[in-house]
Amino acid sequence: MAKSANQKLKLLYLVEILQQETDEDHPMDVAGLISALDRRGIAAERKSIYDDMETLQQYGLDVVTVRGRSNTYYLGERDFQLPELKLLVDAVQSAKFITTRKSRELIKKICALASRHEAGLMQRQVHIQNQAKTFNEHTYYNVDAIQNALGKNRQIRFYYYEWTIDPTSSKRFARRRRHEGKPYQISPWSLLWDDEFYYLIAWDDEAGDGGMIKHYRVDKMSDIELLDDKRLGRQAFEALDISEYSKGVFGMFGGQETDVKLRVANRLIGVMVDRFGSDLYVSPSGSEYFCITVKAAVSPQFLSWLFGFGRDVQVLSPTALVQQVRREIDEIADLYNSAEK
């Protein structure tokens, strides 16, 4: 078949060539464009290339012409600029809920949105080999299943896993189903990405006294099943401030949410703002400390977070939490005192 038979594809191939082969540092002259078309089975003359570049510019494609003895061309404005693509690559690279294999696949697709020269620069900056990634290959598809349930206003059923010590395993630990091995049935309402993990915010109609809002790590879910039942808990979620909810819960796991008053060393103000947001009300407490009241999900993880600051953070209220902190400290002290005997 003669090459001229493919002329209807010529403009499409020129767009592909400009996208893949050119950028500001790598413009292509007419001879290079003709050669690239020839490799795709398209015959072209110099004059037709000039006309084609003008047509693409009229269409709205940002084909930049660098005038000289021999004009060169490159694709200027793209859907995503290089700094934006780098942000996306960094997000995928750091996301713990995406497996290493899926991370590589997604990064490859993101890099394809740049020229091959810029893609090479991005790929050389990718280091995901030794990062902590989820084991769950289905996480990526879990998100899709949850989005499907959100769009159809339906409940879902799934199994939820946790890690446990297992002497019979070669790794000495393994995962097991929570909830006595029984599936959960909940009403999904929102997905939230926090601290490199994806969380599902949902309504559990059987929890608490008449149902309550709960959250689940998406990478710990499996066998998600879309149900015919309509979602419950709409009123609770319409009244929920997701940003406030995430400040108190995520990074500290679940627990009873309560107002906690803390006395904090001045040098830790940045840490508190990062954790609880910039709308904190800060009151001075002497020259070297300040006090704040925050909503937090009180849990062992929350206490561990507090203990990590040593003398720089003190719980002032509620009284029950102060007493709990004292008990934890006494138990830790007893543990190390007994070790010395």
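Figures for the structure shown
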| read-out | value |
| --- | --- |
| Boolean, Q19 is touching a strand residue (DSSP E or B) at 6+ places or on another chain (Cβ under 7 Å), at pLDDT below 95, in a helix (DSSP H, G or I) and open to solvent by 40 Å² or more (accessible area, probe 1.4 Å) | yes |
| Any pair with Cβ under 6 angstrom, 6 or more apart, that starts in the range 231-246 at a residue that is surrounded by 10 or more Cβ atoms within 10 Å (Cβ to Cβ) and ends at one that is charged (D, E, K, R) | L232/D205; S246/D194 |
| Residue in the range 88-108 that is in a loop (DSSP other than H, G, I, E, B), at pLDDT below 85, in contact with a Phe, Trp or Tyr (Cβ under 6 Å, 6 or more places away or on another chain) and of a type outside the set (S, T, N, Q) present | yes |
| Single residue of the range 56-84 satisfying the filter (hydroxyl-bearing (S, T, Y) and surrounded by 14 or more Cβ atoms within 10 Å (Cβ to Cβ)) that is nearest to the chain's Cα centre (by Cα) | Y74 |
| Near pairs, Cβ below 7 angstrom, 6+ apart or cross-chain, from the range 256-268 (under 18 Å from E288 (Cβ atoms)) to any residue that is surrounded by 15 or more Cβ atoms within 10 Å (Cβ to Cβ) and among the charged types (D, E, K, R) | V264/D312; A265/D312; L268/D312 |
| Among the residues listed as D79, D29, the single one being touching a residue at least 40 places away in the same chain (Cβ under 8 Å) and charged (D, E, K, R) | D29 |
| Unmet requirement for F309, which otherwise passes all of (1) at pLDDT below 85; (2) closer than 16 Å to V322 by Cα; (3) surrounded by fewer than 17 Cβ atoms within 10 Å (Cβ to Cβ) | (1) |
| The range 260-294 - residue that is charged (D, E, K, R) and exposed (fewer than 12 other Cβ atoms within 10 Å of the Cβ) and, of those, modelled with the lowest pLDDT | D274 |
| Meets criteria (open to solvent by less than 50 Å² (accessible area, probe 1.4 Å) and in contact (Cβ under 8 Å) with a residue 60 or more places away in the chain) for Y161 | yes |
| Only one of F197, F135 that is modelled with pLDDT under 90, farther than 26 Å from E257 by Cα, hydrophobic (A, V, I, L, M, F, W, C) and open to solvent by 30 Å² or more (accessible area, probe 1.4 Å) | F135 |
| Residue within the range 64-73 that is charged (D, E, K, R), in contact with a helix residue (DSSP H, G or I) (Cβ under 9 Å, 6 or more places away or on another chain) and without any contact (Cβ under 8 Å) to a residue 60 or more places away in the chain present | no |
| Condition met for V322 (on the phi < 0 side of the Ramachandran plot and at pLDDT below 90) | no |
| Long-range neighbours under 9 Å by Cβ, at least six apart or interchain, first residue in a loop (DSSP other than H, G, I, E, B) within the range 292-314, second of a type in the set (F, W, Y) | S299/F253 |
| T168, sole failed condition from (1) of a type in the set (S, T, N, Q); (2) closer than 20 Å to A297 by Cβ; (3) open to solvent by 60 Å² or more (accessible area, probe 1.4 Å) | (2) |
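The values are calculated or read from the model by the stated rules, or taken from the named source; none is laboratory data. Just so it is clear, the model here is predicted, and its values are computed rather than measured. No Cβ is skipped: glycine too gets one built from the backbone with ideal geometry, and neighbour counts run over all protein chains shown. The accessibility values were calculated without ligands, DNA or RNA, using every heavy atom of the protein model including side chains. Shrake-Rupley method; radii C 1.70, N 1.55, O 1.52, S 1.80 Å.
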